[in-house]
Amino acid sequence: IAKGSGVSGVSFFDHTANEGVERQHQIDLALKKAPIPGEFSLVYQPQYTAHSKQLIGMEALLRWNSSELGFVPPDAFISIAEENGVIIPLSEWVMKESIRQITEWNRRYGLSLAMGINISPLQLDDPRFVSKLDALLAEAGAEPKWINLEVTERSAMKGEKVLADLFKELSRRNISLSIDDFGTGYSSLSYLKRFEIDYLKIAKPLVDGLADNETDRQIVQAIVMIATALGLRTIAEGVEDESQLAILDHLGCDEIQGYFFGKPVNPQEFERLHLKRE
Ligand code: C2E
Ligand code: MG
Ligand code: MG
Ligand code: MG
């Protein structure tokens, strides 16, 4: 069907949207062929306390350098990997490698830093999720308190008893749980009470507006107040400058992640920038 012919009743005037579909198809095909870990790697971004500026952990972020497509950012491939199922073996590697890495660092430097690992909603559907995690921790010799699982409101909103039980299991082990991108999704405050979580991760768009948008500042303030009332900690993501840091510290936000303290970098760089000078 020629573009714009409208034969099927669907118009194809939007050239960029059409390219988007083609691109998604390429990504889908390349993902299915991509060797794991082969074309994938992890970078780590530091997390510091807002007030005393102590390193407390890092987040593992996936990178894909496709032999066919070159570098493809996570926002362009994670949702496709969730659709075609590649996220399952990929996530298993991410968990294994990031747990191995935090164990190595904590042992080498005598620290007790926490590794933030992004968890896809699909992984939470796996009834063996916790036992797989147990096995990975045992294999690495990692302490459960070194692990902080990041789930989005998308997962948390499922609202099922299964999820409440899962979070309880994790909490019982002392594995921390964060709600990622908090304040951007369909936030329902009721789940905060129902689920055993540890952190609210304040979404970057809210942090972006802190310095010159009064509404964003008030929303962040409200999030910190809710967290305090419920005994949760807060971490802000996407903090890029000192004025944002100062406001967050003033509002009582506990921890900070963002370019201001460090971009996501490969393990060697992370060690050089954040661990060796401890
Ligand atoms: P996220 O979990 O919310 O991760 C934070 C994102 O914000 C990262 O993007 C990080 O590089 C970026 N970021 C952090 N600080 C700053 C800042 O100061 N300024 C700016 N402009 N950006 C900042 P990234 O690495 O592109 O990852 C995007 C998303 O992809 C992640 O958002 C997460 O949802 C997903 N993702 C990444 N790795 C994994 C993974 O291993 N598994 C799963 N399931 N999802 C992942
Ligand atoms: Mg995250
Ligand atoms: Mg707990
Ligand atoms: Mg986030």
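The values are calculated or read from the model by the stated rules, or taken from the named source; none is laboratory data. Only a predicted model underlies this, so the values are computations on that prediction, with no experimental measurement involved. Here the Cβ is made from the backbone with ideal geometry for all residues, glycine too, and neighbour counts use every protein chain on show. In case anyone asks, the SASA skips ligands and DNA or RNA and just uses the protein heavy atoms, side chains included. Shrake-Rupley method; radii C 1.70, N 1.55, O 1.52, S 1.80 Å.
Taking 7 Å steps out from each Cα toward its Cβ at D126 and E104 produces label points 2.2 nm apart. Under 5 Å from the amide H of N118 lie the amide H atoms of A60, E150, each residue being 5 or more positions distant or on a separate chain, with H modelled from the backbone and absent for Pro and chain starts.
Computed over the alpha-carbon pairs of the range 28-165, the distance histogram in 5 Å steps reads 2, 9, 18, 21, 19, 16, 11, 4, 1, 0 percent, short to long.
Averaged over residues, the count of other Cβ atoms within 10 Å places the peptides 106-119, 126-139 in the sequence 106-119, 126-139, highest first. Normalised by residue count, the chain yields a Cα convex hull volume of 163 Å³ per residue. Most tightly packed first, judged by the mean number of other beta-carbon atoms within 10 Å of their residues, the peptides 80-93, 169-182, 21-34 read 169-182, 80-93, 21-34.
Computed from the alpha carbon atoms alone, the convex hull of the range 103-245 holds 118 Å³ per residue. The phi torsions of the range 28-45, fed into the Karplus equation with coefficients 6.51, -1.76 and 1.60 and a -60° offset, translate into couplings of 4, 5, 5, 4, 5, 9, 5, x, 10, x, x, 8, 10, 8, 10, 10, 10, 10 Hz, rounded to whole numbers, with Gly and Pro shown as x.
Taking the average, over residues, of other Cβ atoms within 10 Å as the packing measure, peptides 199-205, 262-268 rank 199-205, 262-268 from highest down. Mean residue ellipticity at 222 nm, helices only, the chain: -13500 deg cm²/dmol; runs of at least 4 DSSP H residues each add -39,500 (n - 2.57), and the sum is divided by the number of residues. The separation of the range 126-169 from the range 212-251, counted between C-alpha centres, amounts to 26 Å.
Just the number, please: carbon plus sulfur as a percent of the accessible area of the range 132-198, 1.4 Å probe, no ligands or DNA/RNA counted. Its accessible area is 52 percent carbon and sulfur atoms. When only the Cβ of Lys, Arg, Asp and Glu is charged (+1, +1, -1, -1), the dipole of the range 21-70 relative to its Cα centre reaches about 140 debye. A full extension of the chain between T49 and I88 corresponds to an added length of 10.8 nm, given 0.36 nm per residue minus the alpha carbon distance.
Projecting label points 7 angstrom from Cα along Cα→Cβ for D241 and D28 puts them 4.2 nm apart. For the pair N266 and S41, the difference between a 0.36 nm per residue extended length and the Cα-Cα distance amounts to 80.2 nm. Shown here is the pair-distance distribution of the range 162-248: with all Cα-Cα distances grouped in 5 Å bins from zero up to the longest one, the shares run 3, 14, 24, 24, 16, 10, 6, 3, 0 percent. Working from Cα pairs under 8 Å separated by at least six residues, relative contact order for the chain is 18 percent. Amide H contacts for D254 (H built 1.01 Å from N in the peptide plane; partners 5 or more residues away or on another chain; cut-off under 5 Å): T234.
Derived scalar couplings between HN and Hα for the range 208-225 equal 3, x, 3, 5, 10, 10, 4, 5, 4, 4, 5, 5, 4, 4, 5, 4, 4, 5 Hz in order, rounded to whole Hz, by the Karplus curve 6.51 cos²θ - 1.76 cosθ + 1.60 (θ = phi - 60°), x for Gly and Pro. Taken along the Cα-to-beta-carbon direction at a fixed 7 Å, the label points for E169 and K145 span 2.3 nm. With protein chains left intact and a 1.4 Å probe, residues in the chain average 50 Å² of accessible area per residue.
A simple charge model with +1 on the Cβ of Lys and Arg, -1 on the Cβ of Asp and Glu and nothing else charged puts the dipole of the chain at about 720 debye relative to its Cα centre.
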